[in-house]
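Here's the structure, in structure tokens; my notes come after.
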Amino acid sequence: MGRNREFDMEQALDAALCVFWRKGYEGVSYTDLTQATGVERPALYSAFGNKEALFRQVLERYYEHYLDYFPAALELPTSREVVAHILREAAELHTRYPDRKGCLGVHGALAGSDDAEPIRRALIDARADGEASLRDRLEQAVQEGDLPETADCAALAAFVMAVLHGMAVQAKAGFGRDMLEAVAEQALSSWPTGSSTLSGKSS
């Protein structure tokens with residue numbers, strides 16, 4: 001305890017994050033991690049634990065530093081503004097870095113081996129948490145008259161998440177920001193409105 005490490009933990013996490021983002025959880029080897037971080041395997045084990053433990057720390061960092069737009073969106077006045085902010089910010093993030101397009105969480109959740117199942121489940125659970133928070137916000141919008149009383153908030157939240165994750169896959173396949181923003185606008189074009197004055201605001 002208290003021993004000074006020979007490398008910067010924050011920098012190592014950032015380097016590992018970039019590798020996982022680019023190659024996916026299963027696509028990353030310890031050789032990739034040691035080359036990216038400049039830290040030898042025993043030191044990585046000592047500092048972060050095994051590959052799964054390191055990825056979980058990377059994922060937490062990813063949510064804090066790159067997906068902070070999602071909780072911020074939930075604070076906006078109308079449901080349409082909430083969804084517009086989420087989709088437009090995602091379009092920007094998914095295409096921000098030429099060497100790691102798309103979403104770290106979405107690509108990791110597509111991993112299929114038995115060894116990767118705990119990570120896949122963790123990513124699915126994280127996605128479900130995001131969807132639940134969005135559903136709660138949409139239910140609030142119904143109470144405020146921003147969405148119709150007949151709105152199916154669970155279906156709307158699932159729809160937004162499906163578009164969001166589809167955009168991540170499209171970005172990985174080479175779609176540019178302009179096209180992703182066009183997809184976002186198409187999704188927003190059918191967004192329902194309620195009877196309150198809030199729903200008349202521009203996003």
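The values are calculated or read from the model by the stated rules, or taken from the named source; none is laboratory data. Source: prediction; values computed, not measured. Surface accessibility is based on the protein's heavy atoms, side chains included, excluding ligands, DNA and RNA. Shrake-Rupley method; radii C 1.70, N 1.55, O 1.52, S 1.80 Å.
Averaged per residue, what accessible area in Å² does the chain show with a 1.4 Å probe, protein chains only?
Details: 10420 Å² over 203 residues.
Accessible area per residue: 51 Å².
Jot down the per residue volume, in cubic angstrom and as a whole number, of the convex hull over the alpha-carbon atoms of the chain. Don't skip to the end; give the middle numbers.
Values: hull volume 26.3 nm³, N = 203.
Spelled out: Cα convex hull of the chain, divided by residues, is 130 Å³.
At a 1.4 Å probe radius, carbon and sulfur cover how many percent of the accessible area of the chain? Provide the component values of the computation, followed by the final result.
Details: 5110 of 10420 Å².
Answer for the chain is 49 percent, counting heavy atoms of protein chains only.
What do you reckon, how do Arg177, Arg88 stack up by accessible area (1.4 Å probe), largest on top?
Numbers: Arg177 110, Arg88 75 Å².
I get Arg177, Arg88, largest accessible area first.
Which value, in Å² and to the nearest 10, is the accessible area of Ile124 when all protein chains are kept and the probe is 1.4 Å?
50 Å²
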